[in-house]
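Structure, as structure tokens:
The values are calculated or read from the model by the stated rules, or taken from the named source; none is laboratory data. Small disclaimer: the values here were computed from a predicted structure and weren't measured. Please note: Cβ atoms are built from the backbone with ideal geometry, for glycine as well, and neighbour counts cover all protein chains shown. Remember, those area values only see protein heavy atoms, side chains included, never the ligands or the DNA or RNA. Shrake-Rupley method; radii C 1.70, N 1.55, O 1.52, S 1.80 Å.
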Amino acid sequence: MFDVNEIRKDFPILSRKVNGYPLVYLDNAATSQKPQQVIDCIVDYYSNYNANIHRGVHTLSQEATDKYEAARNTIKEHFNASKTSEIIYTSGTTHSINLVASGFTSLLKKGDEIIVSALEHHSNIVPWQMLCERTGAVLKVIPMNQEGVLDMDAYVDLLNDKTQLVFVNHISNALGIINPIKFIIDQAHRVGAVVLIDGAQACSHVKVDFQALDCDFYVTSAHKMCGPTGVGILYGKEAWLEKLPPYQGGGEMIAEVSFEKTTYAGLPHKFEAGTPNICGGIAFGAAIDYLNTIGFSEIAKQEEMLLEYANKKLLEIEGLKIYGTGSEKTSVISFNIEGLHPYDIGTIIDKLGIAVRTGHHCAQPVMDFFNIPGTVRASFAFYNTIEEVDALVSAVKKAKMMLS
Amino acid sequence: MSIESIQQDLVEEFEMFDDWMQRYEYMIDLGKSLPLIDDTQKTDDKIIKGCQSKVWLDASLDGDKVTFTADSDAIITKGIIAILIRVFNNQKPQDILNAEMSFIDDIGLKEHLSPTRANGLVSMIKQLKMYATAYQAKLNS
Ligand SMILES: Cc1ncc(COP(=O)(O)O)c(C=O)c1O
């Protein structure tokens, strides 16, 4: 039985105060809070079996290696990849994207086309721009409408036999819109293009199935899924991971090294140079176990309830406008109040204990599209409550009164 | 009034408030009282980088004193500029350059600003001092 008050007890940070008020943490799209189960896992690692992995004969090293690889398997099972070796540990979404973008340098030629969407995070724009600069490929952008929904007719029109790569986020971080990625993937495959999905915002809300989606690459970060910062994954279909050259050289990623020639290790180690974030990888596994114990359908139910309630309550404030009004949405509300700067609203409500994000949310093109400097973004997680939505609404009302 | 005594006044004004909500209210009022800059004057060369909000700063030399005008699209930012302008307006360039900035810590401004805003504050002060440097050079020549 889902009981939000019981669940909140798992998150020690939720009982702290900020500026004299109980913390109301509504910046979950930036990073989630961590449950005791994940914190305990981190403490256990460093207290009991910290050792370098894959290289020691001693017991600790074996234990650490086993746990690290077991977590990789947890990740593989959770996302339904076909093989564990298709899960590459990285430092996070940004790292994963750069790994793929770098790998495609030798696979693209001048005049090839790369498609991204108008809704992308800077992490999913800049690496492709750099790839275009290196290769002479051309960047094309899927436009969106006033509701923040991508124009699928325009997308289909953009696809042609020069299209090599398509990169779209699963869920937009700036607006919370869920993109029709299954359609996007299937259409791209029709012209033989490769698809990478940026799932940084999605994996905390929905259970993603890599094989069902049939995406070629999928990337995400642990820290948005109740896991630690500094760890994430690159999922790639085996054939593509085999085709991509290694990203960084170093220990762990080699089979044999001599000064004449080095042969690379097989997957996944080929892309995992150096000592990885061992503890982070293990704790990522613990975070996934935690989320599955709660259950993604329960998570969705709670978040939908919060979204609906917050939408209704916020819209009662005069002059408040919500961006990203498409019907397929996660629990993110990006808004402004007429005549007020989002930064001012964020500053005042922080003094009342409410944590939200303000600004362009690393998606400047989205803000330019709406011709605004930024928004206030409240993003809810399953551990948020109706009372916290009420606290947000009354803080925003107070800020509005002070600022107008 | 000397820069120092204006700073002293400001510190005393801020001490009168019990909490940061009231201080913010005061800053918002200061921001609202700052004369507006005409939109045509808000050109990109006057924008100060490093803020989440936009800040335009302009200056001119009146006799041997510098006058500043500034604006922002965010009202709390504007309040912060209003404080700086109150301290530095109608002062000699050399005095601006010599000015101690400890009043910012005494008011508690920096620690109560978000990191991006604190960065913005540093950029604003840098820009004010740059104008003073330029005008001092002009007076010297
Ligand atoms: C859609 C999206 N892509 C990429 C990123 C970057 O993730 P990370 O900073 O964990 O690499 C984020 C994080 O805000 C995001 O929301």
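What the table shows:
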read-out	value
Single match in A:74, A:105 (criterion: open to solvent by 10 Å² or more (accessible area, probe 1.4 Å), assigned to a helix (DSSP H, G or I), closer than 24 Å to residue A:207 by Cα and away from the ligand (no atom under 16 Å from the Cβ))	A:74
Residue among A:184, A:177 that is within 16 Å of the ligand (Cβ to nearest atom), touching a residue at least 40 places away in the same chain (Cβ under 8 Å) and away from chain B (no Cβ under 14 Å)	A:177
Residue in the range A:312-321 that is surrounded by 24 or more Cβ atoms within 10 Å (Cβ to Cβ) and either within 14 Å of another protein chain (Cβ to nearest Cβ) or touching a Leu at 6+ places or on another chain (Cβ under 8 Å) (or both) present	no
Index of the failed condition, residue A:178 passing every other in (1) under 21 Å from the mean Cα position of the chain (by Cα); (2) surrounded by 22 or more Cβ atoms within 10 Å (Cβ to Cβ)	(2)
Any pair with Cβ under 6 angstrom, 6 or more apart, that starts in the range A:188-209 at a residue that is in contact (Cβ under 8 Å) with a residue 24 or more places away in the chain and ends at one that is surrounded by fewer than 24 Cβ atoms within 10 Å (Cβ to Cβ) and part of a strand (DSSP E or B)	A:188/A:195; A:191/A:163; A:193/A:163; A:193/A:164
Residue that is within 15 Å of the ligand (Cβ to nearest atom), open to solvent by 20 Å² or more (accessible area, probe 1.4 Å), under 21 Å from the mean Cα position of the chain (by Cα) and within 17 Å of residue A:369 (Cα to Cα), where the choices are A:122, A:95	A:122
Filter result for residue A:256 (of a type in the set (D, E, K, R) and free of Cβ contacts under 8 Å to residues at least 60 places away in the same chain)	yes
Some residue of the range A:3-22 being in contact with a Cys (Cβ under 8 Å, 6 or more places away or on another chain) and open to solvent by 60 Å² or more (accessible area, probe 1.4 Å)	no
Leading residue by the ranking (surrounded by the most Cβ atoms within 10 Å (Cβ to Cβ)) among those in the range A:326-344 that are within 22 Å of residue A:301 (Cβ to Cβ) and of a type in the set (S, T, N, Q)	A:331
Of all residues making up the range A:193-212, the number that are outside any strand (DSSP E or B), open to solvent by less than 20 Å² (accessible area, probe 1.4 Å) and more than 16 Å from the ligand (Cβ to nearest atom)	2
Residues of the range A:213-225 satisfying the condition of being farther than 15 Å from residue A:89 by Cβ and either open to solvent by less than 20 Å² (accessible area, probe 1.4 Å) or more than 16 Å from the ligand (Cβ to nearest atom) (or both)	A:213, A:214, A:215, A:216
Condition met for residue B:75 (within 14 Å of chain A (Cβ to nearest Cβ) and at pLDDT 85 or above)	yes
Some residue of the range B:117-140 being outside any helix (DSSP H, G or I) and either within 14 Å of another protein chain (Cβ to nearest Cβ) or more than 15 Å from the chain's Cα centre (by Cα) (or both)	no
Residue ID - surrounded by the most Cβ atoms within 10 Å (Cβ to Cβ), chosen from residues in the range A:362-374 that are within 14 Å of the ligand (Cβ to nearest atom) and of a type outside the set (Gly, Ala, Ser)	A:366
Residue B:80 vs. criteria open to solvent by 20 Å² or more (accessible area, probe 1.4 Å) and either within 15 Å of the chain's Cα centre (by Cα) or within 10 Å of chain A (Cβ to nearest Cβ) (or both)	no
Scope the range A:36-63; condition open to solvent by 60 Å² or more (accessible area, probe 1.4 Å) and outside any helix (DSSP H, G or I); matching residues	A:50, A:54, A:55, A:57, A:58
Within the range A:326-402, strands (runs of 3 or more DSSP E) holding 1 or more residues that are more than 14 Å from chain B (Cβ to nearest Cβ)	A:332-337, A:375-379
Residues of the range B:14-62 satisfying the condition of being aliphatic (A, V, I, L, M), assigned to a strand (DSSP E or B) and more than 14 Å from chain A (Cβ to nearest Cβ)	B:48, B:57, B:59, B:61
